Amino acid sequence: MREHAKVLRPEEYLVTEEPYYEPVADEIAVFEAAYRNGLPVLLKGPTGCGKTRFMEHMAWRLRRPLITVSCHDDLTASDLVGRFLVRGGETVWVDGPLAASVRAGAICYLDEVVEARKDTTVVIHPLADDRRVLPIEKLGEMIEAPDDFCLAMSYNPGYQSVLKDLKQSTRQRFVALEFDYPEAQLEARIIERESGVDEALAARLVKFAHMTRNLKGQGLDEGASTRLLVHAAKLIAAGVEPVTATRACVSQALTDEPDMLVAVNELASSLF
């Protein structure tokens, strides 16, 4: 006997409290306009610059459930859409997060989508164009996305390669929003607000981050992200010495290469 197991309770995925987010440009207005017009959205930007926090903020503003999928090399189309499982001697269909999002009229956010297998991203194509449908071949079902449904995904262009890049057939279905680290004064305000450190210390952390970002391509794949700065600031606010906090939260997170570790730690020592 085959049954359909509905496992999603949309209320569990609602963002009930406003997530703190500082707009950098007109990204909120563009996302809201795309949502009203049923257009999917692509967030581009380096790791730790606020893409996921932005999605949480938009889910709160739009009062829609947010279902996030962290993409990885082993993510299959069945992981997204769903599969049959045997439960209690019966075969039941269990929706994947994408199908569950469509049925519930939720926001489905595919984080770091280029990490997924190429054949996996193809399943989103009918949802990301004028059709707005999700075919489920195993059920012989075609789910039409309600007006409330929104498809969003993100990736870090800095890590793209021939093997990990979005196909043009995928990219050109999306409204693209480009994210980057905030300008210095705004980034310091975010650190201060998120961690509780004072303005002067937040400004020094931002200065340190800019030093590390200048080393991108010269020994570092990425500089210190806003997220890492907030982590360091929280340790400092908890009583950890700034040099120790930056070493644990920034230097060790950025590199394992001994010479670069020494260089980044020396930058921290010069400021703190």
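None of the figures in this text is laboratory data; all of them are computed from the coordinates on show. Fair warning: this is a prediction, and the values are worked out from it, not measured in the lab. Please note: Cβ atoms are built from the backbone with ideal geometry, for glycine as well, and neighbour counts cover all protein chains shown.
Size of the dipole of the stretch 59-136 about the Cα centre, Lys and Arg at +1 and Asp and Glu at -1 on the beta carbon, nothing else charged, in debye to 20?
Once rounded to the nearest 20, the dipole reads 440 debye.
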Q) Using the 10 angstrom Cβ neighbour count as an exposure proxy, how do Met55, Met211 rank, fewest first? A) Met211, Met55
**Q.** Rounded tilt (10° steps) of 258-271 against the dominant C-alpha axis of the chain
**A.** 60 degrees
Q: Take the Cβ-Cβ distance between Ala200 and Val86 as r, set R0 to 41 Å, and report the resulting FRET efficiency rounded to the nearest 0.05.
A: 0.10
Q. Name the GluC sites (Glu not before Pro) in the stretch 1-106 that are in a loop by DSSP and that have at most 11 other C-beta atoms within 10 Å, would you?
A. Glu17
Q. Using the count of nearby Cβ atoms within 10 Å as a rough guide to exposure, how do Met142, Met153 rank from fewest to most?
A. Met142, Met153
Q) What is the helix-to-structure angle for 226-237, meaning the angle in degrees between its Cα long axis and the longest Cα principal axis of the chain, kept from 0 to 90 and rounded to the nearest 10? A) 60 degrees
(Q) Compute the angle between helix 27-36 and the longest alpha-carbon principal axis of the chain, please, reported from 0 to 90 degrees and rounded to the nearest 10. (A) 0 degrees
**Q.** Cα lying deepest toward the dipole's positive end in the chain, options Pro19, Cys71, Ser195, charges on Cβ
**A.** Cys71
**Q.** Alpha carbon centroid spacing (whole Å) that separates the stretch 219-258 from the stretch 77-156
**A.** 37 Å
Q) Along the charge dipole of the chain, Cβ charges K/R +1 and D/E -1, which of Trp60, Phe84, Ala232 sits furthest on the positive end? A) Phe84
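Subtract the Cα-Cα distance of Ser70 and Val240 from 0.36 nm times their separation in residues, and report this length gain in nm to one decimal.
Between Ser70 and Val240, full extension yields 58.1 nm more.
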Q | Computed over the stretch 184-271, Cα set: Rg, Dmax in Å | A | 11.8, 33
Q) When His125, His57 are ordered from fewest to most other Cβ atoms inside 10 Å of their Cβ, what list results? A) His125, His57
Q) For the residue pair Gln185 and Asn265, what label-to-label distance in nm results when each label sits 7 Å from Cα along the Cα-to-beta-carbon direction? A) 3.6 nm
Q. Rounded if a/c is under 1.5, else prolate if a/b beats b/c, else oblate: with a ≥ b ≥ c from the C-alpha gyration tensor eigenvalues square-rooted, which is the chain?
A. prolate
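For the stretch 2-178, what is the charge dipole size about the Cα centre, in debye to the nearest 20, if Lys and Arg each add +1 at the Cβ and Asp and Glu each add -1 at the Cβ?
Values: 22 positive and 28 negative charges, 72 e Å.
Value, rounded to 20: 340 debye.
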Q. Say a paramagnetic label sat at a point 7 Å from the Cα of Asp165, along Cα to Cβ; which residues of the stretch 91-117 have their backbone N under 20 Å from it?
A. 112-117
Q: Between beta-carbons, use under 15 Å as the cut-off and find the net charge around Thr76, counting Lys and Arg +1, Asp and Glu -1.
A: -3
Q | Whichever aspartates and glutamates have a C-alpha closer than 12 Å to that of Lys234, once near sequence neighbours (fewer than 8 apart) are set aside | A | Glu192, Glu194, Asp198
Q.
Could you derive backbone 3J(HN,Hα) for the stretch 18-26 from the dihedral phi with the Karplus parameters 6.51, -1.76 and 1.60 (θ = phi - 60°), listing whole Hz in sequence and x where the residue is Gly or Pro?
A. 5, x, 5, 8, 9, x, 9, 9, 10
